[in-house]
Amino acid sequence: MPDPWRADDLERLDDARHVLGEGSHAIRQSLYAVYVTVLLGLTYGLTVARALFLTAEPGRLRDELVSWPVALSVLAAVVLGVAVAHRAGRSRGPVVPPMPWIDLVAASPLDRALTLRRWWGVALTGALTGGVVLGGVLGGGLWIAHVGGPAWLAGGVGTGLVAAVLVLASWLAGQTSLSPGQATPTTTPRKALRRLTIDDLRRQAARSTRLGGAVLLADVRALRLELSAPVTRGRSLRLRSGRPTVVVARRDLLGLRRMPGGLVSGAALTALGGAVVGWASSDTTVPPLFPCLGLAACYLGYGAWAEGLRLQGDNAGTPPLIGLDTRHEARAHLVVPTALFVVVAGVVGLLVATAGHGEGWAAGIRAGLWSLPLAAVLAGCHLLAAFRGIPPQGLSGMRSPWLLAGWIGLPMIIAAVVGGLLTAAVAGGTLTPWVFGIGAGWSLVIIGLSRARALAEAHRV
């Protein structure tokens with residue numbers, strides 16, 4: 001179907017691209033990124049997926065994957081991704097051109113859907129490629145590992161494609177919802193692009209530039225402050241006095257009441273991870289990849305409740321306001337997220353393990369109690385993340401972006417690998433993973449508290 005725009009509009013748009021240097025290089029870069037992604041998925045992705053799925057008995061794994069807990073987990077992951085994408089669109093949407101293009105071209109009388117379609121095409125290509133490759137890697141890995149037939153590959157590709165479309169549509173809807181009076185949903189991307197206002201585009205372009213600068217400088221605190229949402233609720237609530245530890249815990253609860261999005265997102269991520277943990281801790285046929293992914297979700301959910309701990313890390317070295325030393329205050333900031341995690345993950349894990357395993361309540365109670373060692377592991381990893389300090393000398397987003405990403409994500413990797421492997425071992429019914437889990441959690445907490453004290457003392461003159 002030909003474009004409805006007039007030929008002179010397209011000609012003027014091509015002239016603007018030539019003057020501003022926005023030529024075909026963006027398309028070439030997008031196609032090259034697609035090529036690299038597909039190549040990595042076909043080589044490394046399928047190989048790793050096949051190796052992971054071969055660790056389980058094919059028939060038992062097939063029955064587990066078509067069960068209702070897995071279906072609900074996949075549905076919950078898609079719903080959570082859609083919600084996160086909508087929230088992300090309000091900070092940085094999929095269509096954010098450079099500032100010169102916004103001021104000189106998008107603000108012109110040309111149709112805004114025409115002037116912005118290049119960036120929408122880049123976002124659409126990236127999302128569809130990511131969804132298809134991820135679904136194809138998982139489905140193809142199951143096919144190669146003889147867990148299923150070609151239908152699993154087709155199902156994986158279809159599921160990934162549908163999930164990518166839903167997430168991308170929600171991302172664009174979040175960006176268009178910023179405009180006043182534009183809360184009603186749109187039917188086509190073209191109408192959504194026409195709703196984007198110049199002020200919103202300028203604001204998000206400026207934020208994107210600041211985020212890029214923070215990445216190049218490896219400033220994690222600047223990234224977090226730039227992405228945090230302003231507090232608009234509970235402004236009339238006040239913090240009550242009490243013992244220092246109690247006051248810190250009340251402060252964290254007050255922060256969650258003022259930002260209910262963090263409370264809800266943390267509960268959703270923890271429930272999703274807790275369901276995977278409950279499934280993996282009661283079934284020996286579950287591949288270790290799944291509990292590792294579940295612990296990654298638990299880490300993110302715990303982190304949504306640990307904003308007070310991160311704020312203490314950002315202000316390390318400043319005089320304490322209520323007379324607590326650094327280690328004591330850090331321990332107090334762990335009370336609320338740890339309690340919430342034990343309740344949510346423990347209850348969800350208990351229910352999933354009880355419903356999906358022949359041992360019944362015995363497997364459920366074991367899965368519920370396993371949330372206690374996992375809480376210690378997550379607490380220690382978040383202490384390491386909050387008090388990581390500045391990156392090592394020479395490590396910046398410009399010189400070594402992958403090393404910087406690894407340095408930032410190291411606490412989550414530790415939590416996912418240690419917690420996931422121990423969770424997979426719990427299904428065997430021995431005491432060994434419990435001993436190692438308690439020891440790992442205790443060690444990580446001690447190392448994290450030592451790191452907090454070292455970071456505070458490093459700021460002293």
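The values are calculated or read from the model by the stated rules, or taken from the named source; none is laboratory data. All figures in this text were calculated on a predicted structure; none of them were measured in a lab. Positions of Cβ are backbone-derived with ideal geometry, glycine not excepted, and every protein chain shown enters the neighbour counts. Areas reflect the complete protein model, heavy atoms only, side chains present, ligands, DNA and RNA absent. Shrake-Rupley method; radii C 1.70, N 1.55, O 1.52, S 1.80 Å.
From the list V79, V84, the one residue that fits, being at pLDDT 80 or above and either under 28 Å from A355 (Cα atoms) or acidic (D, E) (or both), is V79. Listed by first and then second residue, the pairs linking a residue in the range 127-156 that is more than 15 Å from G59 (Cα to Cα) to a residue that is modelled with pLDDT under 90 and hydroxyl-bearing (S, T, Y), with Cβ atoms under 6 Å apart and 6 or more places separating them unless they lie on different chains, are T129/T37; V133/T37.
Does V335 satisfy being open to solvent by less than 40 Å² (accessible area, probe 1.4 Å), at pLDDT 90 or above and either within 30 Å of W68 (Cβ to Cβ) or touching a helix residue (DSSP H, G or I) at 6+ places or on another chain (Cβ under 8 Å) (or both)? So V335 fails the test.
Here are some residues: G349, G368, G313, G317. Which one is open to solvent by less than 50 Å² (accessible area, probe 1.4 Å), of a type in the set (G, A, S) and not in a helix (DSSP H, G or I)?
Working: G349 fails: not in a helix (DSSP H, G or I); G368 fails: not in a helix (DSSP H, G or I); G313 fails: not in a helix (DSSP H, G or I).
One residue alone meets the criteria, G317.
The one condition from (1) part of a helix (DSSP H, G or I); (2) open to solvent by less than 50 Å² (accessible area, probe 1.4 Å); (3) small (G, A, S); (4) under 20 Å from V137 (Cβ atoms) that A51 does not meet is (2). Of the helices (runs of 4 or more DSSP H) lying entirely inside the range 190-281, the ones with 3 or more residues being open to solvent by 30 Å² or more (accessible area, probe 1.4 Å) and more than 27 Å from V417 (Cα to Cα) are found at 198-217, 220-227, 244-258.
Put simply, of V286, V248, V264 the only residue that is closer than 27 Å to G301 by Cβ, touching a Gly at 6+ places or on another chain (Cβ under 9 Å) and not basic (K, R) is V248.
If I ask for residues that are assigned to a helix (DSSP H, G or I) and open to solvent by less than 30 Å² (accessible area, probe 1.4 Å), which ones from the range 81-93 would you list?
Passing the criteria: G81, A85, G89, S91.
Looking at G160, G174, G131 in this structure, which one is modelled with pLDDT under 90, in a helix (DSSP H, G or I), crowded, with 20+ Cβ neighbours inside 10 Å and not basic (K, R)? Going through G160, G174, G131 in turn, the sole match is G174. Might you check whether a residue that is more than 23 Å from A71 (Cβ to Cβ), of a type in the set (S, T, Y) and either open to solvent by less than 20 Å² (accessible area, probe 1.4 Å) or out of contact with any strand residue (DSSP E or B) (no Cβ under 7 Å at 6 or more places or on another chain) (or both) occurs anywhere in the range 288-306? Looking for residues that are more than 23 Å from A71 (Cβ to Cβ), of a type in the set (S, T, Y) and either open to solvent by less than 20 Å² (accessible area, probe 1.4 Å) or out of contact with any strand residue (DSSP E or B) (no Cβ under 7 Å at 6 or more places or on another chain) (or both), one finds at least one in the range 288-306, hence yes. Out of the residues in the range 416-461 that are free of Cβ contacts under 8 Å to residues at least 24 places away in the same chain and of a type in the set (S, T, N, Q), which is surrounded by the most Cβ atoms within 10 Å (Cβ to Cβ)? Among those that are free of Cβ contacts under 8 Å to residues at least 24 places away in the same chain and of a type in the set (S, T, N, Q), it is S450. Restricting to the range 114-123, and then to whatever is in a helix (DSSP H, G or I) and more than 10 Å from S30 (Cβ to Cβ), can you tell me which residue is most open to solvent (accessible area, probe 1.4 Å)? Ranking the candidates gives R117 first. Consider only pairs whose beta carbons are under 9 Å apart and that are at least six residues apart or on different chains; among these, list those whose first residue lies in the range 62-77 and is closer than 12 Å to L272 by Cα and whose second residue is charged (D, E, K, R). If the second residue must be charged (D, E, K, R), the pairs left are V70/E64.
Against the conditions (1) open to solvent by 10 Å² or more (accessible area, probe 1.4 Å); (2) within 24 Å of G439 (Cβ to Cβ); (3) not aromatic (F, W, Y), A375 satisfies every one except (1).
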